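S.K.: Encoded as structure tokens, here's the structure I'll be asking about.
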There are 2 protein chains.
Amino acid sequence: MTKAIYLAGPDVFLPDAVEIGRRKVALCAAYGFNGLFPLDSAIDPKARDASLQIFHANQTMMDRADAIIANLTPFRGPSADAGTVYELGYMAGKGKRCFAYCNDPRIYADRIVGITASGGIKIDRDGSTVEDFGHVDNLMMIHALDLHGAPLVTPTRMPSDIWRDLASFEQCLTIASAR
Amino acid sequence: MTKAIYLAGPDVFLPDAVEIGRRKVALCAAYGFNGLFPLDSAIDPKARDASLQIFHANQTMMDRADAIIANLTPFRGPSADAGTVYELGYMAGKGKRCFAYCNDPRIYADRIVGITASGGIKIDRDGSTVEDFGHVDNLMMIHALDLHGAPLVTPTRMPSDIWRDLASFEQCLTIASAR
């Protein structure tokens, strides 16, 4: 049976989200997978309970899916989109296969402005420690991917359009199809 | 048997993380719970594989725990800390009880600087849609809490010290002990 992959990411917030979803689903099909894109659920965003409907539709898709490919490219801050990260955790907890990519190959600490060092420890402007293990994002996600699927895929160089370049997404599909 | 609660949050990055952990664990004990704070694992942050050790220690604690109380106060951006959100998702996926608080009671959209409206839809400076359902953070977390535990706890007013005020944390314990 064709394996289903849940396509998580802040892609849904982009102005051309529907088109990006179409491209991702088409790439999935080319690799023999059934791509499930959150916007495929026909929910009226103006409905009174639209928010809850979206949640249930996404959770139903995740429960149906065999795996997740999460877009962990930083969104509105130095880390991945919160909704996407929640979904990655949910799928890991469910024991599903977890794959992800991040189109910003910089390490997390290099995205934080105004870091100082105190006794060999990196500190942000608010006095909080900055994780400094050379990872692209929080260690929980990085090692979860190693354990539950495959290491995070990053491009060698940041693509000119980090939201529409799907080379790293496609690499996730290559890895998934080899499993 | 005493129920164990995993205490997730960016608290671990604060300069007085150990003291905050002690206070949280003491409050858990006062409510009859065994609080599991990530920093309780004795890991040398300078060890070669410290990052992986921390991941395994946290995952082991989560697997042992019956519930999670996540601190979803925004961290380095308009959303909750990515590691914390991953852990919330993981626990939801495992079918554990999920509780959380956020010491910033503003709705998510009100934390984004430079929003414009286009056809009734809120857009950020990068042209991405801003979720606008009146929630404090991404809808996946908000509804996951409703479904897997209890609604997100927020204070009526932002406390003067958002990282050390534990009134909303304690309210999570009150709710958890009533279940």
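S.K.: Inspect segment A:95-110 for any residue being touching a helix residue (DSSP H, G or I) at 6+ places or on another chain (Cβ under 6 Å) and open to solvent by 20 Å² or more (accessible area, probe 1.4 Å) and give the result as yes or no.
M.R.: No; the residues of segment A:95-110 include none that is touching a helix residue (DSSP H, G or I) at 6+ places or on another chain (Cβ under 6 Å) and open to solvent by 20 Å² or more (accessible area, probe 1.4 Å).
S.K.: So B:Gly77 ticks every box in (1) facing another protein chain (nearest Cβ under 7 Å); (2) part of a loop (DSSP other than H, G, I, E, B); (3) surrounded by 23 or more Cβ atoms within 10 Å (Cβ to Cβ) but one. Which box is left unticked?
M.R.: Unmet for B:Gly77, out of (1) facing another protein chain (nearest Cβ under 7 Å); (2) part of a loop (DSSP other than H, G, I, E, B); (3) surrounded by 23 or more Cβ atoms within 10 Å (Cβ to Cβ): (3).
S.K.: Looking only at segment B:80-92, which residues are among the small types (Gly, Ala, Ser) and either in a loop (DSSP other than H, G, I, E, B) or closer than 14 Å to B:Asn103 by Cβ (or both)? Outline the logic, then answer.
M.R.: So the first thing to find is which residues in segment B:80-92 are among the small types (Gly, Ala, Ser), and the list is B:80, B:82-83, B:89, B:92.
B:Ala80, the sole residue that qualifies.
S.K.: Hey, another quick one. Do you know which residues across segment B:19-52 are more than 10 Å from every other protein chain (Cβ to nearest Cβ), open to solvent by 40 Å² or more (accessible area, probe 1.4 Å) and modelled with pLDDT of 95 or more?
M.R.: Within segment B:19-52, B:Glu19, B:Arg22, B:Arg23, B:Val25, B:Ala26, B:Ala29, B:Ala30, B:Tyr31, B:Gly32, B:Asn34 qualify.
S.K.: Another one. Can you name the residue in segment A:118-135 that is among the β-branched types (Val, Ile, Thr) and open to solvent by 20 Å² or more (accessible area, probe 1.4 Å) and is also nearest to the other protein chains (Cβ to nearest Cβ) among such residues? Working first, answer last.
M.R.: Here is the first cut: in segment A:118-135, the ones among the β-branched types (Val, Ile, Thr) are A:121, A:123, A:129-130.
Okay, now just the ones that are also open to solvent by 20 Å² or more (accessible area, probe 1.4 Å), so A:121, A:123, A:129.
Working: A:Ile121: 8, A:Ile123: 8, A:Thr129: 5 Å.
The selected residue is A:Thr129.
S.K.: Among the numbered criteria (1) of a type in the set (Phe, Trp, Tyr); (2) within 14 Å of the chain's Cα centre (by Cα); (3) at the interface with chain B (Cβ under 10 Å from one of its Cβ atoms), which one does A:Phe99 miss?
M.R.: Against the list (1) of a type in the set (Phe, Trp, Tyr); (2) within 14 Å of the chain's Cα centre (by Cα); (3) at the interface with chain B (Cβ under 10 Å from one of its Cβ atoms), A:Phe99 comes up short only on (3).
S.K.: Please go through segment A:148-170 and pick out each residue that is outside any loop (DSSP other than H, G, I, E, B) and either crowded, with 16+ Cβ neighbours inside 10 Å or in contact (Cβ under 8 Å) with a residue 40 or more places away in the chain (or both).
M.R.: Selection gives A:His148, A:Gly149, A:Val153, A:Ser168, A:Phe169, A:Glu170.
The values are calculated or read from the model by the stated rules, or taken from the named source; none is laboratory data. Quantities reported herein were computed from a predicted structural model and do not represent experimental measurements. Cβ atoms come from the backbone with ideal geometry, glycine included; neighbour counts cover every protein chain shown. All accessible areas refer to the heavy atoms of the entire protein, side chains included, with ligands and DNA or RNA removed. Shrake-Rupley method; radii C 1.70, N 1.55, O 1.52, S 1.80 Å.
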